[in-house]
Amino acid sequence: MKVVCFGGGKALPEAVLSGLKKYKIDITSITSMVDSGGSSGRLRKELNVLPPGDIRRHLIALSEAPKWKKDLFELRFGQENFGEGHIGHSFGNLFIAGLEHILKDYEKVLEIVHQFLEVKGRCLPATIERTTLCAVLENGETIEGEDEIDVPKRHDPNLRIKEIFLKPRVKAYERAVEAVEDSDLVIIGPGDLYSSILPCFLPEGMSDAIKESNARKIFVCPPLTKTGETNNFSVLDFTKEVERYIGCELDFIIYNTQIPSEDEIISYKLKNNWVYGAVKIDDGLSEKKFIGANLLNSSKGIVYDSDKLAELIINLASR
């Protein structure tokens, strides 16, 4: 079975990729290339390279290399080397960015990094062209930069996002499009909706490939909403937005039924201040399309258990 997974950041690698790679399937993970904050954002500006952070996380999640290689790629250098208030660069980010800066050939960079980390499957960018993520808010204001959408600093986080787009418009990476066209199963999410998941579908050709694909399409709804992006969102709100951007209906939507208590959310917010609240579960959801289950890993907080989720995904794929 050929499986293509879409997402960025930490959620997809930890919740989906790490569990699915235990099965005998052909995995391709695709991430957006719009990260403009932290280490990735600074490397973009300093070296004029594509943001390395999200694809680095995908590579590590699918790596079957010795532990020291994965630990090396995760190694983050001390904050004191980069000035007050700045996040230190990880070795993996520097390695990927340095290769691109020297080779000027992103496909060669991917080849080298896949070999070094002994990746099971492939990790591909949604595009290899430089672009900026922009969002139009409900009041008509346009904001620029994934980092501003991800963590609002200069706009009101209570305003809903009306639309996102890329500036300039770019084409989808050909190999990523081919992977979608050849897939049996497409998995979308979990993750931050407007700054992580939906940007994957903005490069020209990507949503068309998904729409025209005969693959089953599964969306994994996150368990929590995010301040500035999905305030008060329900499962159906997430579903409608994903279907709007991919241009077709999903076959299944997986969502968490174990709603965390207010105390658990407050405790989680202390470590993750971007959290808005729990995703609301709509009444009357079709049980044929909307698949609810207790998917949380209680030992890690309000995050998905990758083994539970992978088992559910494989079962749905065989329906």
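Please compute the modelled spin-label separation between ASP307 and HIS155, points set 7 Å along Cα→Cβ, answer in nm with one decimal. About 4.2 nm separates the two model spin labels.
Shape of region 203-246 from its Cα gyration tensor (a ≥ b ≥ c, root eigenvalues): rounded if a/c is under 1.5, otherwise prolate when a/b > b/c, or oblate? Taking the square roots of the gyration eigenvalues as a ≥ b ≥ c, region 203-246 is prolate.
Only helices enter the 222 nm calculation for the chain: every DSSP H run of n ≥ 4 contributes -39,500 (n - 2.57), and dividing by all residues gives -9500 deg cm²/dmol, rounded to 500.
Once the chain from GLU163 to ASP105 is taken as fully extended at 0.36 nm per residue, the excess over their C-alpha distance is 17.7 nm.
Label-to-label distance for LYS300 and GLU74 is 1.0 nm, based on points extended 7 Å past Cα in the beta-carbon direction.
Set against the 2.2 N^0.38 Å expectation for a compact globular protein, region 84-146 has a Cα radius of gyration ratio of 1.53. Size estimate for region 108-237 follows the Kirkwood approach: the inverse of mean 1/r over distinct Cα pairs works out to 16.2 Å. Per residue, the solvent-accessible area of the chain (1.4 Å probe, heavy atoms of protein chains only, all protein chains present) comes to 46 Å². For the pair GLU144 and ALA65, how long in nm is the line joining their label points, each one 7 Å along Cα→Cβ? Going from the GLU144 label point to the ALA65 one covers 3.6 nm. Legend: residue pairs LYS104/LYS171; LYS10/LYS108; LYS226/LYS271; LYS21/LYS288, Cα-Cα distance threshold 22 Å; pairs beyond threshold, LYS10/LYS108; LYS21/LYS288. Each distinct pair of alpha carbons in the chain adds a 1/r term; the inverse of their mean, the Kirkwood radius, is 19.8 Å. Using Stokes-Einstein with the Kirkwood hydrodynamic radius over Cα pairs, what translational diffusion coefficient do you get for region 262-304 at 20 °C and a viscosity of 1.002 mPa s, in µm²/s rounded to a whole number? Diffusion coefficient, whole number: 174 µm²/s.
Setting aside same-chain residues fewer than 8 positions from LYS167, which lysines have a Cα under 21 Å from its Cα? In chain and number order, the partners are LYS45, LYS153. Protein heavy-atom surface of region 156-312, 1.4 angstrom probe: 43% of the accessible area is carbon and sulfur, with nucleic acids and ligands not counted.
Taking a point 7 Å from the Cα of SER318 along the Cα-to-Cβ direction, the residues of region 156-190 with backbone N closer than 20 Å to it are 184-187. Summarised as an ellipsoid, region 41-195 has semi-axes of 28, 22, 15 Å, derived from the eigenvalues of the Cα gyration tensor scaled by 5 and square-rooted, with the largest first.
Calculated FRET efficiency, GLU249 to ASN273, Cβ-Cβ distance, R0 = 41 Å: about 0.75 to the nearest 0.05.
The values are calculated or read from the model by the stated rules, or taken from the named source; none is laboratory data. Just so you know, these numbers come straight off a predicted model, no measurement behind them. Please note: Cβ atoms are built from the backbone with ideal geometry, for glycine as well, and neighbour counts cover all protein chains shown. When the accessible area is computed, the model is the full protein with side chains, heavy atoms only, and any ligands, DNA or RNA have been set aside. Shrake-Rupley method; radii C 1.70, N 1.55, O 1.52, S 1.80 Å.
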